[in-house]
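The next block holds one structure in the form of structure tokens; read it before the comments.
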Amino acid sequence: MNDMTPTSAERAAKLEGMGCKRKRVEDIRFVQGKGNYVDDIKLPGMLYGDLVHSPHGHARVKKIDTAKAAALPGVVAVITAETLKTVNLAWMPTLAGDTQMVLADGKVLFQNQEVAFVIAESREAAADAVELVEVEYEPLPVNVDPLKAMTDGAPMIREDLKDKTDGAHGKRKHYNHIFSWQAGDKAAADAAFAKAEVTLREMIIYPRVHPCPLETCQCVASFDKIKGELTLWGTFQAPHVIRTVGSLISKIPEHKIHVIAPDIGGGFGNKVGAYPGYICAIVASIVTGRPVKWTEDRIENLSTTAFARDFYMDVEIAATKDGRVTGLRCYTIADHGAFDACANATKWPAGLFSIISGSYDFPAAYCLVDGVYTNKAPGGVAYRCSFRVTEAAYCIERAMDIMAHKLGMDPAEFRMKNLIRREQFPYTSAFGWQYDSGDYQTALKKAMESVDYKKLREEQEAKREAFKRGETRDLMGIGVSFFTEIVGAGPSRACDILGIAMFDSAEIRIHPTGSGICRLGTKSQGQGHETTYAQIIATELGLPADSITVEEGNTDTAPYGLGTYGSRSTPVSGAATAMACRKIKAKAQMIAAYMLEVHDDDLEWDVDRFRVKGNPERFKTMIELAWAAYHQVPPGMEPGLEAINYYDPPNFTYPFGAYICVVDIDVDTGQTKVRRFYALDDCGTRINPMIIEGQIHGGLTEAFGIAMGQEIRYDADGNVTTASFLDYFLPTAVETPHWETDWTTTPSPHHPIGAKGVGESPNVGGVPCFSNAINDAFAFLGSTHIQMPHDHWRTWMAAEKLGLHA
Ligand code: CDP
């Protein structure tokens with residue numbers, strides 16, 4: 001080796017593998033407006049579909065007259081439930097085991113429900129014709145309050161289920177009841193409460209919110225009558241699931257359905273399920289023999305496609321006087337709207353909500369969730385959350401804060417005392433989850449030191465005294481949250497979607513010149529998968545990340561996978577990628593041994609090559625081995641260098657984090673300024689620190705939106721009053737605070753590269769952190785819990801209730 005020969009470290013740096021802040025390769029096309037989104041797809045003879053919506057929250061549909069609409073120039077057809085019945089598609093199955101009307105069949109159950117579908121030569125003609133569809137309604141009593149759903153005399157939402165005593169998850173208690181689901185040990189939890197020294201009980205509401213992807217849901221359906229084949233381009237987070245479910249519903253053989261998800265402008269769970277617009281576009285293409293595009297507008301997105309949260313959590317904590325938690329109970333009413341279209345793994349009607357014991361060592365815990373129907377839009381998706389984990393984290397983090405204040409302890413100190421300790425991992429929670437790894441105390445300690453927590457509390461104390469003396473009208477709040485996520489659905493023994501096990505996949509093909517392609521069952525919606533999967537391959541195979549193409553979203557070419565949501569891409573397909581690489585590497589090692597005329601065991605791996613042990617001058621690089629794989633394989637070995645892996649993870653991964661936020665509140669206006677927000681995340685091995693930071697910035701911004709202003713509201717008549725961005729808070733760069741990010745690294749012991757998911761974490765930890773900060777500001781005045789969202793009005797009201805405006 002001479003001085004000019006690059007060192008191993010220099011060669012490794014050139015690969016831009018794991019740990020490198022590699023620039024996002026997809027941004028080259030995105031920032032130039034050269035992305036290829038569904039709306040960019042224009043096919044010859046393409047028609048446009050538009051939906052007619054119900055103005056009522058609950059009404060019988062007496063008559064639909066489509067004559068005037070059909071007569072409008074440019075209109076090709078108008079589809080109603082009666083048309084869909086002829087192809088047996090008036091109702092469709094949901095992911096949660098319920099059925100859902102595609103178009104109103106006899107009655108409408110929520111405002112803006114889809115009633116008819118107009119197909120026209122142009123988008124404008126379709127929109128004009130929508131106005132001409134005449135529907136006669138007979139209004140019915142409305143219920144939008146989940147706490148009243150199971151009372152005597154509550155309006156019956158689902159007449160189709162009137163006589164059904166069993167639901168998808170057991171007995172139904174009431175005609176508006178969907179499911180009951182419980183976890184933990186009730187007797188043990190009750191016993192802990194019976195002997196508790198201190199208890200608290202609080203109703204904690206996580207309001208209905210809506211993911212707001214920049215790009216709304218849309219599709220282009222093109223049915224080829226000659227071949228009997230359907231091609232469907234769409235904003236699909238889970239293209240293979242759409243193909244399988246589409247085949248089961250339509251009876252078109254699965255190999256004759258081609259689902260393609262091109263570039264997607266944000267998903268956040270909103271693009272997991274199937275919507276009436278998709279079904280109508282498919283039927284319209286079959287009926288007309290022409291391609292049909294359906295594009296959702298913003299009002300449709302906010303008021304009809306899948307919402308998130310809407311959990312009413314009656315939580316209790318038992319503790320000793322000196323601040324040790326001893327028991328947890330939680331009874332939850334989950335508002336699923338008019339149809340149970342919740343996107344969870346099938347066996348988990350309340351998702352992974354039983355992660356509600358959070359990061360704390362609760363010896364006993366129990367939770368029960370009842371799902372109910374109301375006159376609201378269906379959904380219940382994992383919006384930047386792994387299946388109801390956000391609700392659970394919010395609930396436990398608020399409850400821990402309330403308990404700390406009740407005990408007269410500092411919220412951080414109370415958490416520190418109850419956090420699961422490093423030596424307890426792998427830790428089995430009272431709900432039976434096995435947390436894979438963690439070092440919680442180190443993370444919280446680092447967070448507290450980074451913000452100088454002690455000094456902040458001293459400042460707050462001084463401010464409180466000044467407030468009491470009337471010298472200031474500002475209150476200072478310090479929010480602490482410590483969250484544990486459960487991501488990477490999932491082990492197939494625990495998770496399936498309609499019977500399809502929740503594994504995922506990667507298929508890697510290395511070409512003769514050492515470049516390659518990796519195809520996966522996941523689907524990026526902006527997370528940077530094209531950048532990061534290539535980094536895993538770069539480190540595993542010693543090939544530059546730049547020489548690897550990453551492809552997702554085409555069911556004809558990608559291996560079968562369950563898609564991207566709930567931060568599952570890295571835990572599952574990231575693992576599949578590493579495992580596929582290892583198969584390739586094993587073959588490359590045999591080729592190297594043959595070429596170097598040594599035994600396999602006499603070789604060792606060095607960044608991008610196999611070298612002979614004790615003789616580093618004799619080596620074969622991966623690029624040389626790729627060439628050899630097509631020209632010079634050992635006798636009897638198949639040529640080529642490729643591998644596929646379907647990865648069924650042995651466990652979930654459990655990322656965690658410690659967040660601290662400081663707010664200043666003007667009690668006379670309710671105006672809240674976020675002075676500081678510090679977020680420490682631990683997602684195990686970090687593939688791309690820059691992308692992680694971007695994920696955290698995005699998730700925190702969404703958390704800020706949710707905590708500080710978002711809520712999908714309905715009035716008593718069932719009118720949705722937040723169906724546009726005029727009424728629904730979407731933070732822009734103007735309102736969004738500055739984020740300080742930090743990390744610790746505790747690898748997952750069961751993941752091939754030790755990585756955990758990260759995308760959801762900032763939303764899971766961010767929302768309670770903001771809420772705790774607002775609540776903390778008022779706690780010294782005797783306030784226990786102010787419900788979200790913490791918009792200025794609600795905060796002003798909290799001050800008013802405490803008599804601060806007298
Ligand atoms: O499933 P989804 O892509 O939404 O979530 P994720 O697996 O948490 O990954 C989000 C992005 O962060 C991807 O580009 C990952 O490769 C990246 N990431 C990372 O760089 N290191 C990790 N330990 C986890 C995720």
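Per-structure values
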item	result
Normalised contact order of region 422-493, rounded percent, pairs of Cα under 8 Å and 6 or more residues apart	17
Residue pairs, from the table K68/K251; K23/K347; K293/K376; K463/K801; K523/K585, whose Cα atoms sit over 29 Å apart	K68/K251; K23/K347
Full-stretch length increase - E461, A187 - with 0.36 nm per residue and alpha-carbon distance subtracted	94.5 nm
Taking the C-alpha atoms of region 379-477, convex hull volume expressed per residue in Å³	159
Sum of -39500 (n - 2.57) over DSSP H runs of 4+, divided by residues of the chain (222 nm, nearest 500)	-8500 deg cm²/dmol
Cα-projected label distance for H631 with I299, points at 7 Å along beta-carbon direction, nm	6.6
Cα-projected label distance for K171 with S122, points at 7 Å along beta-carbon direction, nm	6.1
Within region 242-282: backbone nitrogen closer than 20 Å to the N36 label point (7 Å, Cα to C-beta)	243, 257-267
Order by protection proxy (mean Cβ within 10 Å, highest first), peptides 717-729, 753-765	753-765, 717-729
Shape of region 734-802, Cα gyration tensor, a/c cut at 1.5	prolate
Karplus (6.51, -1.76, 1.60) ³J(HN,Hα), θ = phi - 60°, over region 302-307, in Hz, Gly and Pro reported as x	6, 10, 10, 7, 4, 7
Virtual paramagnetic centre 7 Å along Cα→Cβ of A586, amide N under 18 Å, in region 641-661	641-650
Distance in nm between pseudo-label sites at E136 and D452 (7 Å out along the Cβ direction from Cα)	7.5
Restraint check, K171/K756; K42/K227; K63/K227; K417/K455, Cα-Cα greater than 27 Å	K171/K756; K63/K227
Long-range tail of P(r) for region 441-552 (Cα pairs > 17 Å, %)	73
At R0 = 35 Å, FRET efficiency that the Cβ-Cβ distance of Q424 and A13 yields, to 0.05	0.40
Cα convex hull of region 615-759, projected area averaged across orientations, nm²	17.5
Dimensionless Rg ratio for the chain, taking C-alpha atoms and the 2.2 N^0.38 Å reference	0.99
Contour excess over end-to-end distance, with Cα ends at R493 and E202 and 0.36 nm allotted per residue	101.3 nm
For the chain, accessible area per residue (1.4 Å probe, heavy atoms of protein chains only), Å²	36
Cα-based Rg of region 480-540 normalised by 2.2 N^0.38 Å, two decimals	1.50
Calculated diffusion of region 132-193, Stokes-Einstein form, Kirkwood radius summed over Cα pairs, 37 °C and 0.692 mPa s, µm²/s	222
Computed FRET value (nearest 0.05) for D606 with E254, which takes r as the C-beta separation and R₀ as 56 Å	0.80
Loop-located trypsin sites (Lys or Arg not before Pro) in region 1-106, at most 14 other Cβ atoms within 10 Å (DSSP)	K21, K23, K34, K42
Share of carbon and sulfur in the accessible heavy-atom surface of the chain [1.4 Å probe, %]	54
Residues K227 and I28, FRET efficiency given R0 of 25 Å [Cβ-Cβ distance, rounded to 0.05]	0.10
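The values are calculated or read from the model by the stated rules, or taken from the named source; none is laboratory data. The structure presented is a predicted model; accordingly, all values stated were derived computationally and were not measured. Neighbour counts are summed over all protein chains in view; Cβ atoms, including those assigned to glycine, are modelled from backbone coordinates with ideal geometry. The protein model used for the area step is the full one, side chains on, heavy atoms only, and it has no ligands, DNA or RNA in it. Shrake-Rupley method; radii C 1.70, N 1.55, O 1.52, S 1.80 Å.
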